[in-house]
Amino acid sequence: MEAGIVNVLLVEDDPGDVLLVREAFAEGRLENRLDVVGDGVEAMRYVRGEGDYAGRRRPDLILLDLNLPRKSGAEVLAEIKADPALATIPVVVLTTSEAEEDVLRSYQHHANAYVTKPVDFERFREIVHRIDDFFVGIVRLPPHGEVRARDRPA
């Protein structure tokens, strides 16, 4: 993590939700960098630094929608948490789903938090501010240290 800069990856395909998160982050801590990808395949390319994302810093925090095209958020979460090189990245599931099976599956795949998006715009903005305050202002995020070869999946 660069000094004071927290790199947040938003994985969201709804342009309205992307705009709300961008606005909420812009109102919050200036040291945040918010990158956005619109589907699960791009999310995995981003976190692995593949293709157009080669050379980008690994995210310090991921905000992940479950309902994504090409690869679901549940699949993305499972892949991230199964990879020792990525597993320490905190992932907050931020989704419209209130289904208990989605909540359970997310925590079984080691989500760090599960937040249901409210339909009210002001409440949604408030929730994003609280996520920002908690993960950027209170929590100590893990370093990006290299994973030893023996820790990498075969």
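The values are calculated or read from the model by the stated rules, or taken from the named source; none is laboratory data. Note that the structure is a prediction, hence the values are computed from the model and not measured. Here the Cβ positions follow ideal geometry from the backbone for every residue, glycine too, while neighbour counts run over all protein chains shown. Surface accessibility is based on the protein's heavy atoms, side chains included, excluding ligands, DNA and RNA. Shrake-Rupley method; radii C 1.70, N 1.55, O 1.52, S 1.80 Å.
Would it be correct to say that GLU100 is more than 17 Å from VAL8 (Cα to Cα), without any contact (Cβ under 8 Å) to a residue 24 or more places away in the chain and of a type in the set (Asp, Glu)? Steps first, answer last, please.
Values: more than 17 Å from VAL8 (Cα to Cα): yes; without any contact (Cβ under 8 Å) to a residue 24 or more places away in the chain: yes; of a type in the set (Asp, Glu): yes.
The answer is yes for GLU100.
Do we have ASP13 as outside any helix (DSSP H, G or I), over 16 Å from LEU141 (Cα atoms) and either open to solvent by 40 Å² or more (accessible area, probe 1.4 Å) or among the acidic types (Asp, Glu) (or both) here? Yes: the conditions hold for ASP13.
Run LEU63 past the list (1) under 13 Å from ILE131 (Cα atoms); (2) of a type outside the set (S, T, N, Q); (3) within 13 Å of the chain's Cα centre (by Cα); (4) modelled with pLDDT under 90 and report the number of the one that doesn't hold. Of everything listed in (1) under 13 Å from ILE131 (Cα atoms); (2) of a type outside the set (S, T, N, Q); (3) within 13 Å of the chain's Cα centre (by Cα); (4) modelled with pLDDT under 90, LEU63 misses just condition (4). Of the helices (runs of 4 or more DSSP H) entirely within segment 61-144, those holding at least 1 residues that are closer than 22 Å to ARG48 by Cα and open to solvent by less than 20 Å² (accessible area, probe 1.4 Å) occupy 73-82, 100-108.
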